[in-house]
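Written out below as structure tokens is the structure these notes cover.
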Amino acid sequence: MRESGRSRVLWIIATALILIWTVFPILWIVMLSFKQPGEIGNAPKFLPRDWTWENYRTVFSTDLFTSALINSIGISLIATFVGVVFATLVAYAIARLDFPGKKIILSFALAIAMFPVVSLVGPLFNLWRDIGLYDTWPGLIIPYISFALPLAIWTLSAFFREIPWEMEQAAQVDGATTWQAFRKVIVPLAAPGVFTAAILTFFFCWNDFVFGISLTSTGNARPVPAALAFFTGESQFEQPTTAICAAAVVVTIPVVVIVLLFQRRIVAGLTSGAVKG
Amino acid sequence: MAAITMKNIVKEYGDGFKAVRDVSLDVQDGEFMILVGPSGCGKSTLLRMIVGLEDITSGEMRIGDRVVNQVAPRERNLSMVFQNYALYPHLTVYENIAFPLRLAKKPNEEIDRRVRETAEVLELTEHLDRKPANLSGGQRQRVAMGRAIVRQADAFLFDEPLSNLDAKLRGQMRTEISRLQRRLGVTTVYVTHDQTEAMTLGDRVAVLRKGVLQQVGSPRELYEQPVNLFVAGFIGSPSMNFLPASFDGTHLDTPLGRVPLDDPRKAEAVGDRQVVLVGIRPEDFEDAELVSAEKRQRGATVRVRVDVTEWLGNEQYAYVPYEAPADLAGQLRDLSRELDSDQLRTQAVVALDASSLITAGDEAELWIDTGKLHIFDPATGENLTRDEERVAALGRHADRAREAQRRAQQDGNGNGRPEAKAGESPSG
Ligand SMILES: Nc1ncnc2c1ncn2[C@@H]1O[C@H](COP(=O)(O)OP(=O)(O)OP(=O)(O)O)[C@@H](O)[C@H]1O
Ligand SMILES: [Mg+2]
């Protein structure tokens with residue numbers, strides 16, 4: 001009894017430490033976003049002296065930010081949609097069919113996931129400029145899809161593998177073609193998996209910085225994480241730190257909301273292959 | 001409705017394993033055929049080849065007059081109940097049953113009518129809006145049946161449909177399936193390894209062993225006139241006792257005692273073999289004290305030591321251990337292992353009348369009905385004393401019984417139970 005009581009206390013302490021470690025920077029940014037632009041450096045305190053929404057107003061009235069927000073949303077959604085459709089088809093084939101080269105495709109997907117993204121940025125920059133994809137939506141969507149696919153394929157094929165094959169055979173005996181069996185039985189059953197894959201892909205695109213800053217030059221296609229770096233704030237003479245913090249909070253909110261809403265699903269999706277498969 | 005004809009069917013899996021070897025089997029139009037055999041003998045494989053989920057390595061499969069070797073499952077017009085039911089978890093009971101009809105693009109009114117009729121027959125009407133996950137085992141089983149019978153399939157295929165149910169429900173569903181099949185009169189192939197299902201449901205039973213078809217016949221024929229040791233041991237519970245014996249022209253010398261062999265046909269069948277295996281079913285023994293003097297004349301009496309008795313109320317089992325020569329004992333052990341039986345030592349199982357007062361440890365007199373014993377060749381396992389005349393008579397009897405049962409069922413439909421009328425239309 002004593003032993004377990006002590007270990008409980010230790011657990012609580014450890015948890016608290018980790019919580020502070022991870023939450024503190026976020027809280028700090030939130031606090032900064034509510035301070036007056038001039039307050040930074042003059043009054044080094046954690047809490048703002050005068051709470052203000054001004055930074056948020058600044059952020060939303062800046063073209064740089066609003067266009068970046070539209071870019072981010074549009075590019076991420078399109079990349080997610082296309083990527084998940086591809087990944088679903090590929091993962092189904094991998095889980096269900098026995099074809100030569102299946103192993104190679106899977107290892108290839110894994111290799112891409114391991115690939116250092118940064119090393120590709122240089123060549124891609126040159127190539128995109130030559131073929132006219134530089135600073136366009138497709139110029140970002142294409143690399144996003146290729147780098148998000150491996151994770152989506154792995155997640156989804158774990159899901160597909162768990163659907164009993166007999167379900168599909170039953171459909172075939174009932175008179176379904178392979179495509180009908182896939183559409184009417186397999187896809188509805190794999191919906192949670194498809195959903196998880198979609199969320200993960202969306203995060204990947206939404207959070208990307210490297211491609212966003214290297215393959216764009218104007219508000220045409222620049223996504224929010226990259227745009228933050230170019231933020232100047234309202235006045236040229238003040239550091240735009242508080243406004244940048246406000247913008248950071250704005251882009252973080254969708255991520256936090258999605259995670260909170262679908263926490264269980266994401267965890268289940270990430271571990272389902274590992275635990276049962 | 002259609003007959004299913006299999007000619008020299010072979011299945012070799014990708015890893016080179018031959019699961020079905022040269023099986024030829026005719027399932028007649030409207031017949032209820034049972035496939036039995038120990039685990040892993042290829043029953044499911046054969047069934048899946050019929051329905052088209054497994055490629056046929058060689059041989060010919062016909063449904064009606066059509067060779068279906070290369071035909072996709074959905075074009076064979078068969079319906080199947082899977083062992084784990086394979087219901088669609090995202091659809092309601094109604095939609096599960098309607099699934100084959102929707103795929104066939106039937107008009108909505110017809111779908112609705114047929115689903116409701118089927119649900120009525122299977123007593124699922126009040127569950128139509130529920131999801132399979134919320135149903136009990138028996139209800140799920142009925143939904144799977146509903147999905148199978150809702151359209152006019154040429155044949156029904158069942159893969160151990162009752163194995164997930166508890167004993168009581170299994171009994172209920174067994175009679176249900178039997179009634180439904182006789183009423184619809186649809187050709188049916190039913191895989192099981194349950195003795196009772198095999199004996200009670202089928203018009204004929206096919207016994208498989210390691211992918212090889214052993215015997216096809218009415219349940220009675222398999223029980224009374226098995227072709228070999230394997231079928232003799234597999235059909236019947238508790239299994240037939242196999243006693244090693246030597247034959248001296250008039251008597252069989254078994255470990256339980258000397259038994260006269262009066263029947264000249266059987267004596268001739270033994271020929272000049274030195275050692276044979278004598279097969280006696282447990283119920284062909286009786287406590288000698290309870291056997292009338294006149295009946296005693298028709299059999300033999302042996303004195304044995306009884307090891308254990310089990311009194312069950314309606315009958316009583318006694319276990320009589322015996323010594324067997326090492327080589328034969330090994331062979332018998334292999335056989336009993338193959339039959340999934342749990343007998344570890346050589347002992348005879350004897351069914352006695354419940355009123356018998358024989359107790360464990362006693363020396364007891366047992367009477368053996370020698371007219372019913374079988375003699376097997378220990379080397380090949382072949383039954384030397386199979387009576388072809390009797391087999392033919394049993395065959396004729398089975399045909400007559402089947403006719404009578406069909407007629408009775410059809411009469412019952414006309415003036416009988418309320419659900420009978422609903423059941424007729426899915427049969428088309
Ligand atoms: N996909 C496969 N690849 C290789 N061998 C297989 C495959 N499926 C089944 N087998 C083998 O074929 C044999 C027959 O299998 P099958 O499933 O037909 O047995 P069964 O008679 O239905 O047994 P049970 O009563 O246990 O269901 C088994 O020995 C099994 O190991
Ligand atoms: Mg099986």
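FYI, it's all coordinate maths here, none of it is from the lab. Predicted model, so just to flag it, every value in this text is computed and none were measured. Every residue, glycine among them, receives a Cβ derived from its backbone with ideal geometry; neighbour counts consider all protein chains shown.
Amide hydrogen proximity for residue B:162: with H placed 1.01 Å from N in the peptide plane, no residue at 5 or more positions away or on another chain lies under 5 Å. Whole-Hz Karplus values for segment A:86-101 come out as 4, 4, 4, 5, 5, 5, 4, 4, 5, 6, 9, 9, 9, 10, x, x Hz, taken residue by residue from phi with 6.51 cos²θ - 1.76 cosθ + 1.60 and θ = phi - 60°; glycine and proline positions read x.
Pairs of lysines in chain A whose Cα atoms sit within less than 30 Å of one another amount to 6, provided the residues are eight or more positions apart or on different chains.
Among B:312, B:122, B:256, which one shows the highest mean-square fluctuation when chain B is modelled as a Gaussian network with alpha-carbon springs under 10 Å? So, out of B:312, B:122, B:256, the one fluctuating most is B:312.
From Cα pairs below 8 angstrom and at least 6 apart in sequence, can you work out the relative contact order of segment B:1-131, rounded to a whole percent? Intermediate results must be reported in sequence, preceding the final value.
Numbers: 155 pairs, mean separation 27.3, N = 131.
The normalised contact order for segment B:1-131 reaches 21 percent.
Mean separation of Cα pairs under 8 Å and 6 or more residues apart, divided by the residue count, gives segment B:241-359 a relative contact order of 28 percent. Taking packing as the residue-averaged number of other Cβ atoms within 10 angstrom, the listed peptides B:44-54, A:147-157 run from highest to lowest as A:147-157, B:44-54. Neighbouring Cβ atoms from other chains, within 10 Å of the Cβ of residues in A:178-189, number 2 on average. Anisotropy class assigned to chain A is oblate, per the alpha carbon gyration tensor with a/c at or over the 1.5 cut-off and a/b no larger than b/c. Distance from the alpha carbon centroid of segment B:57-134 to that of segment A:156-174 works out to 16 angstrom. Expressed as a whole number of Å, what is the distance separating the alpha-carbon centroids of segment B:266-303 and segment A:65-132? Segment A:65-132 and segment B:266-303 have Cα centres separated by 79 Å.
Does segment B:47-205 come out rounded, prolate or oblate by the C-alpha gyration tensor, with a ≥ b ≥ c the root eigenvalues, rounded set by a/c under 1.5 and, if not, prolate when a/b is larger than b/c and oblate if not?
It comes out oblate by the Cα gyration axes.
Please label the shape of segment B:239-383 as rounded, prolate or oblate, based on the square roots a ≥ b ≥ c of the eigenvalues of the alpha-carbon gyration tensor (a/c under 1.5 means rounded; beyond that, a/b larger than b/c means prolate, else oblate). It comes out oblate by the Cα gyration axes.
Peptide B:49-59 shows a mean partner chain C-beta count of 1 within 10 Å per residue C-beta.
Here the Karplus curve 6.51 cos²θ - 1.76 cosθ + 1.60, taken at θ = phi - 60°, turns the phi angles of segment B:268-273 into couplings of 5, 4, 5, x, 9, 5 Hz, with x standing for Gly and Pro. For the listed peptides A:241-248, A:127-134, B:268-275, B:368-375, a ranking on the average number of other beta carbons within 10 Å per residue, highest first, reads A:241-248, B:368-375, A:127-134, B:268-275. Among the residues of B:83-93, the average count of other protein chain beta-carbon atoms within 10 Å of the residue beta-carbon is 4. Working from Cα pairs under 8 Å separated by at least six residues, relative contact order for chain A is 31 percent.
For a straight C-alpha distance cut-off of 19 angstrom, the lysines reachable from residue B:210 (same-chain residues fewer than eight places away being disregarded) are B:7, B:11, B:18, B:43. Here's the list of aspartates and glutamates a cross-link from residue B:105 could span, going by alpha-carbon distance under 17 Å and ignoring same-chain residues fewer than 8 apart: A:174, B:75, B:95.
So which residue, out of A:90, A:187, A:118, gets the largest mean-square fluctuation from a GNM of chain A using Cα contacts under 10 Å as springs? Maximum fluctuation in the GNM of chain A, among the listed residues, is at A:118. Of the peptides A:251-259, B:29-37, the order by per-residue mean of other Cβ atoms within 10 Å, starting with the highest, comes out as B:29-37, A:251-259.
Note on chain A: GNM, Cα springs under 10 Å; of A:19, A:32, A:97, the largest mean-square fluctuation is that of A:19. Between the alpha-carbon centres of segment A:195-214 and segment B:310-384 there is a gap of 73 Å.
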